[in-house]
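The values are calculated or read from the model by the stated rules, or taken from the named source; none is laboratory data. Quick caveat: nothing in here was measured; it's all calculated off a predicted structure. Glycine gets a Cβ as well: all are built from the backbone with ideal geometry, and neighbour counts include every protein chain shown. To get the accessible areas, we keep the full protein, side chains included, count just its heavy atoms, and leave off ligands, DNA and RNA. Shrake-Rupley method; radii C 1.70, N 1.55, O 1.52, S 1.80 Å.
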Amino acid sequence: MKKAMRQRTDLVVREFRISIEEKFTLGVAYIDGLVKKTKLNTILDVIYLF
């Protein structure tokens, strides 16, 4: 996704390693300005609990 959208400066991609052994990678991608920060923070808070 990063390669295909590299011209977009408002594309935000966050990657997270989840599980105790960090075997899994979770990605969250969004267009900055089109997402409410409060909703995004709620989603990220849940991800950080893993």
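Summary of values
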item	result
Per-selection metrics, the chain (Cα): Rg and Dmax in Å	12.4, 35
Structure-based [θ]222 nm, the chain - -39500 (n - 2.57) summed over DSSP H runs of at least 4, per residue, nearest 500	-7500 deg cm²/dmol
Rough spin-label spacing in nm, given labels placed 7 Å along Cα→Cβ, for D10 and T42	2.3 nm
Per residue solvent-accessible surface (Å²) - the chain, probe of 1.4 Å	90 Å²
Degrees, to the nearest 10: 37-48 long Cα axis against longest axis of the chain	30 degrees
